[in-house]
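The values are calculated or read from the model by the stated rules, or taken from the named source; none is laboratory data. Just so we're clear, the structure is a prediction, and the values are computed from it rather than from any experiment. Here Cβ is always computed from backbone atoms with ideal geometry, including for glycine, and neighbour counts include all displayed protein chains. To get the accessible areas, we keep the full protein, side chains included, count just its heavy atoms, and leave off ligands, DNA and RNA. Shrake-Rupley method; radii C 1.70, N 1.55, O 1.52, S 1.80 Å.
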Amino acid sequence: LDMYGSGEEEEATKQLAKNLGLDDVVKFHGSLPNEEILKAMRQHEIFLFTSDRHEGWGTVANEAMANGCVLVASDAIGSTPYLIIEGKNGFSFKSEDVDSLTDCVKRLLDNPTDMYRMQQDARNTMVDMWSPQKAAEALLTLIDDLQNNRESSILNGPCSQA
């Protein structure tokens, strides 16, 4: 298990891994430049996004999916309901519920063929719905809707309610 980033819980998390005898399995990388994080995402299959409601949107979810990771994200993160198509391109788990998180990861590890398909679907979600090209097209549509006093016709992706 590779952990990236730093913060106020970093030392406590390292100590917990050591206390549980997992310091040979869990590797802490600290904060790295964004390009190195993206490279690491391309080398992994699953991205665990365990933040809480303080995360906001959490752009790292988009980045992980664009780099081919199956996203397993807390339901408290702002982007989770807009990015994850449950069981197709990722899973959401009940925030702060370890059993819910564990169940999602176990389903992936027990079904490598499904995990591979979900990796492809995660990447395709970013290309088909959330790419810069799609964002530009959606912005033009939104501007047209607003200029013509129409409700937004964009239901998903950039410029939608998300």
Report the extension gain between Ser100 and Met129 in nm, rounded to one decimal, defined as 0.36 nm multiplied by the number of residues separating them, less their alpha carbon distance.
7.7 nm
If you put +1 on each Lys and Arg Cβ and -1 on each Asp and Glu Cβ, how big is the dipole of segment 77-145 around its Cα centre, in Debye rounded to 20?
240 debye
How far is it, in nm, from the label point at Tyr116 to the one at Asn148 when both lie 7 Å from their Cα along the line to the Cβ?
4.6 nm
Unit charges at the beta carbon, dipole of the chain: most positive-side option, Ser6, Leu101, Met129:
Met129
Search the structure for amide H atoms under 5 Å from the amide H of Gly68, placed 1.01 Å from N in the peptide plane, and list their residues when 5 or more places away or on another chain.
Arg123
Sequence-distant or interchain residues sharing an amide H contact under 5 Å with Gly90, placed H: which?
Ile85
Read phi for every residue in segment 6-11 and hand back ³J(HN,Hα) as whole Hz from Karplus 6.51 cos²θ - 1.76 cosθ + 1.60, θ = phi - 60°, with x for Gly and Pro.
9, x, 5, 9, 4, 5
Can you compute the FRET efficiency between Trp57 and Leu20 using 1/(1 + (r/R0)^6), with r the Cβ-Cβ distance and R0 = 30 Å? Round to the nearest 0.05.
0.40
Using the Cα centre of the chain as the reference point, and only Cβ charges (+1 on K/R, -1 on D/E), how large is the resulting charge dipole? Debye, rounded to the nearest 20.
400 debye
For segment 14-162, what does the accessible surface come to per residue with a 1.4 Å probe? Please give it in Å².
61 Å²
So for segment 75-117, using the alpha carbon gyration tensor with a ≥ b ≥ c as root eigenvalues (a/c under 1.5 gives rounded; past that, a/b versus b/c decides prolate or oblate), I'd call it oblate
Under the Karplus curve 6.51 cos²θ - 1.76 cosθ + 1.60, θ = phi - 60°, whole-Hz ³J(HN,Hα) for segment 139-156, x wherever Gly or Pro sits:
4, 4, 5, 4, 4, 4, 4, 5, 5, 9, 6, 10, 5, 4, 8, 8, 9, 9
Whole-percent carbon and sulfur share, accessible surface of the chain, 1.4 Å:
51 percent
